[in-house]
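For reference, the structure discussed in these notes is given below.
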Amino acid sequence: MKHVSFDEIYEELFPAVYRYVYLRIPSSEIEDVTAEIMAKIWKSISKFEGRSSLKYWALRIAANYIADFYRGRKEIKIIPITEEIQNSSDSRDYSEELATILSVNNTLAQLTEPQVAVIQLRLIEGFSSSETASILGTTQQAVDSMLYRAKKSFRTIYKSEMAGGECV
C-alpha cells in the first residue's frame with residue numbers, strides 16, 4: 001500500500017467504524033472504543049495487502065475488537081439512540097422523524113446482535129454476502145439466512161410498534 005497519513009486513514013474510515021461501533025457498544029464507551037479501533041487500524045495498516053477494500057479490512061478489525069470487548073460478558077445489548085437527538089435545540093419540529101428513528105432504534109434493540117450486524121453490513125454499509133460473511137467469520141449462506149430472518153423479525157416487531165403494541 002502506498003504511504004498514507006493518519007489523517008487520510010482517519011477521514012476515510014472513521015465514519016464507517018463509528019457507525020459500526022455505535023450500535024454495539026454502551027454509549028459511555030463509544031468514543032474510546034472507536035479511538036482504540038482506529039489506533040489498531042493505523043498500527044496494522046502496513047499489513048493491509050489490498051486484497052479487499054480498505055473499509056472492509058477496517059470493519060473486520062472492528063468486528064474482532066468488539067468480539068473481544070464482549071468476550072466473557074453475559075449479555076450484549078444493542079445500544080438505544082442517544083438523548084442528543086431528543087434534546088436538539090433546533091427550532092424545527094422533528095417529532096415525526098424522531099418518532100420514526102426511535103421506533104426503528106427500539107426495533108433494532110430487540111434483534112440479536114448478529115442480526116443487527118448483518119443488517120448494518122449488508123443494507124447500510126453495502127457489503128456483499130460474501131464480504132459480510134468474512135467480516136463476521138461465518139458463511140455466505142449463514143449471512144443470507146440471518147439477513148432473511150432479521151428482516152422478517154424487524155418487520156414483525158416494527159409493525160407491532162407502529163400499531164402501539166408492546167413487543168418483548
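Taking 0.36 nm per residue of sequence separation and subtracting the Cα-Cα distance, how much length would be gained by fully extending the chain between A163 and L123, in nm to one decimal?
Separation in residues times 0.36 nm, less the Cα-Cα distance, equals 11.9 nm.
Take the Cβ-Cβ distance between S145 and E11 as r, set R0 to 30 Å, and report the resulting FRET efficiency rounded to the nearest 0.05.
Efficiency at R0 = 30 Å is approximately 0.25.
Under a plain spin-label model, where a point goes 7 Å from the Cα along Cα-to-Cβ, how far apart in nm are N106 and K47?
4.3
Could the peptides 113-119, 48-54, 151-157, 13-19 be put in order, highest first, of the mean number of other beta-carbon atoms found within 10 Å of their residues?
Per-residue Cβ counts within 10 Å, averaged per peptide and sorted highest first, yield 113-119, 13-19, 151-157, 48-54.
Go ahead and run the numbers for FRET between S153 and R60, Cβ-Cβ distance against an R0 of 35 Å, rounding to 0.05.
Approximately 0.85, to the nearest 0.05.
Set the Förster radius R0 to 45 Å, insert the Cβ-Cβ distance between E113 and V4 as r into 1/(1 + (r/R0)^6), and round the FRET efficiency to 0.05.
My answer for the efficiency is 0.90.
Laboratory data are not the source of any read-out in this text; all were calculated from the coordinates shown. Predicted, not measured: the structure shown is a model, and the values here were computed from it. FYI the Cβ positions are ideal-geometry reconstructions off the backbone, even for glycines, and counts take in every protein chain you see.
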